[in-house]
1. Of the residues VAL221, VAL239, VAL226, which single one is in a helix (DSSP H, G or I) and modelled with pLDDT of 95 or more?
2. With respect to VAL478, is the statement that it is open to solvent by 10 Å² or more (accessible area, probe 1.4 Å), in contact with a Phe, Trp or Tyr (Cβ under 7 Å, 6 or more places away or on another chain) and closer than 26 Å to ALA169 by Cα true?
3. Among residues belonging to the range 509-533 that are farther than 20 Å from ARG400 by Cβ and of a type in the set (A, V, I, L, M), point out the one that is surrounded by the fewest Cβ atoms within 10 Å (Cβ to Cβ).
4. Please go through the range 134-152 and give me each residue that is free of Cβ contacts under 8 Å to residues at least 40 places away in the same chain and open to solvent by less than 60 Å² (accessible area, probe 1.4 Å), ordered by number.
5. With the checklist (1) modelled with pLDDT under 90; (2) part of a helix (DSSP H, G or I); (3) surrounded by fewer than 24 Cβ atoms within 10 Å (Cβ to Cβ) in hand, flag the one item LEU117 doesn't pass.
6. Going by what's in this entry, would GLY402 be described as open to solvent by less than 50 Å² (accessible area, probe 1.4 Å), modelled with pLDDT under 90 and within 24 Å of LEU177 (Cβ to Cβ)?
7. Considering SER443, SER377, SER417, which residue is free of Cβ contacts under 8 Å to residues at least 60 places away in the same chain, over 23 Å from the mean Cα position of the chain (by Cα) and open to solvent by less than 50 Å² (accessible area, probe 1.4 Å)?
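The values are calculated or read from the model by the stated rules, or taken from the named source; none is laboratory data. Keep in mind that this is a model prediction, so the values were computed, not measured. Cβ atoms come from the backbone with ideal geometry, glycine included; neighbour counts cover every protein chain shown. Ligands, DNA and RNA are excluded from the accessible area calculation, which covers all protein heavy atoms including side chains. Shrake-Rupley method; radii C 1.70, N 1.55, O 1.52, S 1.80 Å.
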Amino acid sequence: MSRAMALAPNGESTIEESPLLLAPSPDSGPPRSPDAAPRSLDASITRACLVSGVLMCFAPLQYGYHIAELNTPKGIITTCDKDAAHWASLPLCLPMNDAMFSLATSMFAIGGLLGSLSAGWMAERWGRRGALAYNSASFALGPLLMAFALSPAMLVVGRFVSGIGSGVAVVIAPLYLSEIAPVNYRGTLNLLNQLSIVLGILTTLTIGMLANEGPYWRLSVGFGLVLACLHLSVIAFAVESPRYLWSRNRRAEARSILRKLRQTTNIDNEVAGWQSIGSSSNAARSHTAGGLSATLEADCETPDTVVKASDEDSAPLELHSGRNAVTIFNIFAIAEYRKPWMLVLLLQFGQQLSGINTVFFYSSSVLEKMFSAHVSSILTVMIGVLNVLATASGALIVDRFGRRPLLFMSMAAMAVSVTLLGVGLALKLNMLAVVSLYLVVASFAPGYGPVPFLLGTEFFDVRAASAGGSWALAANWVGTFIVAVAFLPLQNVMGEWVFAIFVCALLVCGLVFYFKIPETKGRTIEEIVKKLR
């Protein structure tokens with residue numbers, strides 16, 4: 001009965017039944033009225049939902065691994081240790097100056113930008129699960145190029161390819177998590193995305209510390225290939241997003257998967273929200289949508305009758321047809337999506353201007369000015385451990401206290417921590433500088449880290465989710481690139497006053513968010529979309 005992923009004749013991935021769906025079905029047993037079963041809108045996170053989310057989060061874990069993979073081994077990559085063991089067929093190191101190393105670091109962001117802008121098309125073309133499966137090719141090729149690099153240019157290309165895969169991953173994974181999550185636990189499940197990212201960062205910092213000698217940096221950068229193969233081997237066990245399947249008019253699959261994810265047969269109220277948003281969007285855009293709207297209204301009245309038709313014989317919904325499709329090229333021109341589009345751009349761009357990536361890109365360099373290389377490596381790994389613990393704490397409270405309180409407390413604490421970091425570095429107060437690095441991470445991880453990703457998936461309906469997510473992460477990558485390229489030159493010119501730029505960005509963005517971003521806790525995506533219109 002188990003089925004795997006395949007391609008339909010039209011090239012679209014058909015996400016067939018996952019092994020997860022072989023669990024005892026809630027439809028089995030004595031017949032009972034659907035109304036007697038618990039409502040899916042009141043469901044908690046089931047085993048099937050959690051397992052699917054975890055398996056898909058191998059993708060953002062790889063992003064986290066690659067974003068910090070050059071942090072610890074920078075010294076042995078750029079400077080040869082003549083006393084170290086040699087691998088005869090490969091250079092011991094790749095000598096380069098700071099400008100070339102900054103290029104290798106920042107090319108990851110350029111690739112990420114390209115991947116993010118492509119992710120929306122991939123998610124609609126092959127589905128959420130299919131897109132991440134194909135994306136494993138980038139995650140495999142990038143580490144291969146870096147591990148066998150013969151020159152700095154080859155390392156740069158490997159970073160660029162890994163960046164493409166990372167850009168796709170961080171768009172699609174949070175979108176998928178929001179689409180499979182129960183309404184009341186959407187924030188908790190979506191934080192798996194950020195938790196996976198920080199686990200990836202911790203993994204690369206740990207491996208970098210253990211392989212920080214001679215030619216073994218190649219094992220560190222090449223380990224991403226292992227992660228890519230592992231993800232590809234388990235992704236077939238995750239289910240496709242039921243919201244995506246419904247939007248493609250594959251309603252029988254969507255209903256079946258939603259029942260398994262919620263472990264209840266009473267799914268009509270949840271599905272009705274998907275129908276109403278599609279109906280209202282089409283009615284507003286096309287005089288020919290009358291027939292489709294009537295069909296959707298009929299679906300709301302008799303939700304189980306429409307699934308009799310074969311998915312293969314059904315044409316996609318008009319909301320995905322060429323004229324009405326929402327893409328990265330027209331989303332900002334559609335009035336109802338313009339406000340959320342601008343908000344997610346500022347959320348993601350502002351996140352990077354907070355200065356957080358200076359900690360992950362350059363923490364080893366900062367620490368090595370005060371401590372030995374070995375001690376700084378250990379302290380850098382401890383930053384990764386704190387990052388994981390703080391992110392996990394955010395997952396426990398985001399659906400209890402809401403998005404806004406978590407976001408604003410995080411930003412305020414970051415403003416104080418970044419200020420202290422600048423003061424500690426300027427006055428050469430080593431202990432204050434080290435403590436401040438940890439405070440920056442502890443402030444960022446539970447709030448300003450995951451909340452922009454979460455809100456970016458909550459501000460758009462299924463019609464615009466892929467395009468909106470692509471633009472949001474594109475803004476994130478632009479910010480990443482700017483910080484990666486500009487930080488060291490600005491620090492050389494401004495000294496530690498460079499951190500004042502990050503503090504100002506936190507204050508300005510916080511003020512805008514306070515007046516413009518609504519609380520989304522406990523609301524369906526359709527309710528949030530209507531509020532933002």
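1. That would be VAL226, the only listed residue that is in a helix (DSSP H, G or I) and modelled with pLDDT of 95 or more.
2. Yes, satisfied.
3. LEU511
4. The answer is SER138, LEU145.
5. Checking LEU117 against (1) modelled with pLDDT under 90; (2) part of a helix (DSSP H, G or I); (3) surrounded by fewer than 24 Cβ atoms within 10 Å (Cβ to Cβ), the one that fails is (1).
6. When the stated conditions are applied, GLY402 does not pass them.
7. SER417
The rows are residues; the columns are (1) in a helix (DSSP H, G or I); (2) out of contact with any helix residue (DSSP H, G or I) (no Cβ under 6 Å at 6 or more places or on another chain); (3) under 26 Å from ALA99 (Cα atoms).
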{"residue": "LYS428", "(1), (2), (3)": "no, yes, yes"}
{"residue": "SER436", "(1), (2), (3)": "yes, no, no"}
{"residue": "ALA442", "(1), (2), (3)": "yes, no, no"}
{"residue": "ALA445", "(1), (2), (3)": "yes, no, no"}
{"residue": "PRO452", "(1), (2), (3)": "yes, no, no"}
{"residue": "SER470", "(1), (2), (3)": "yes, no, no"}
{"residue": "VAL483", "(1), (2), (3)": "yes, no, yes"}
{"residue": "PRO489", "(1), (2), (3)": "yes, yes, yes"}
